Amino acid sequence: MKKIMLMCNAGMSTSVLVRKMERVAEERELEITIWAISETDFEKNWRQADVILLGPQVSYMKDKVTDVVNGTIPVTVIDVVDYGRMNGEKVLDVALNLLG
């Protein structure tokens, strides 16, 4: 079971994207857990993830998050267009590519 964590300011806008990603994962019959957190919940949640996707609004945190995870898991920023369009399929594919 792969675990994908999305992070944004409050975890609200990414929850919509999570639902769309889950729908795609279900259609593909993938065993994946996807959840959204706020930036303030990062420290207590990151160890549960296999990959971390940052919403564009918290892209400024990429270096900090990368330092904290110390290379143990991949971290990237969600493309602003894919985020704006809530393109669950494309964002899921990015996460899966990072997972190898």
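How far, in degrees from 0 to 90, does helix 13-27 lean away from the longest principal axis of the Cα atoms of the chain, to the nearest 10?
Between helix and principal axis, roughly 40 degrees.
Once you've got the Cα coordinates, tell me which of Lys3/Lys62; Lys20/Lys64; Lys20/Lys62; Lys44/Lys90; Lys20/Lys44; Lys3/Lys90 are over 21 Å apart.
Values: Lys3/Lys62 19 Å; Lys20/Lys64 27 Å; Lys20/Lys62 23 Å; Lys44/Lys90 27 Å; Lys20/Lys44 25 Å; Lys3/Lys90 17 Å.
The answer is Lys20/Lys64; Lys20/Lys62; Lys44/Lys90; Lys20/Lys44.
Please compute the per residue accessible area over the stretch 2-99 with all protein chains in place, 1.4 Å probe, rounded to a whole number of Å². Please report the intermediate quantities before stating the final value.
Working: 5360 Å² over 98 residues.
Per-residue accessible area for the stretch 2-99 comes out at 55 Å².
In a shell of Cβ-Cβ distance under 14 Å around Val68, excluding Val68 itself, what net charge do Lys and Arg (+1) and Asp and Glu (-1) give?
My count for the surroundings of Val68 gives -1.
State the Cα centre-to-centre distance between the stretch 47-100 and the stretch 19-35 in whole Å.
Centre-to-centre distance over Cα atoms comes out at 16 Å.
Over the chain, what relative contact order in percent results from Cα pairs under 8 Å that are six or more residues apart? Numbers along the way, then the final one.
Details: 164 pairs, mean separation 34.4, N = 100.
Averaging sequence separation for qualifying contacts and normalising by length gives 34 percent for the chain.
Among Asn70, Asn45, Asn87, determine the one that fluctuates most according to a GNM of the chain built with springs between C-alpha atoms less than 10 Å apart.
Greatest mean-square fluctuation among the candidates belongs to Asn70.
The values are calculated or read from the model by the stated rules, or taken from the named source; none is laboratory data. These numbers were taken from a predicted model, which means no experiment stands behind them. Here the Cβ is made from the backbone with ideal geometry for all residues, glycine too, and neighbour counts use every protein chain on show. Ligands, DNA and RNA are excluded from the accessible area calculation, which covers all protein heavy atoms including side chains. Shrake-Rupley method; radii C 1.70, N 1.55, O 1.52, S 1.80 Å.
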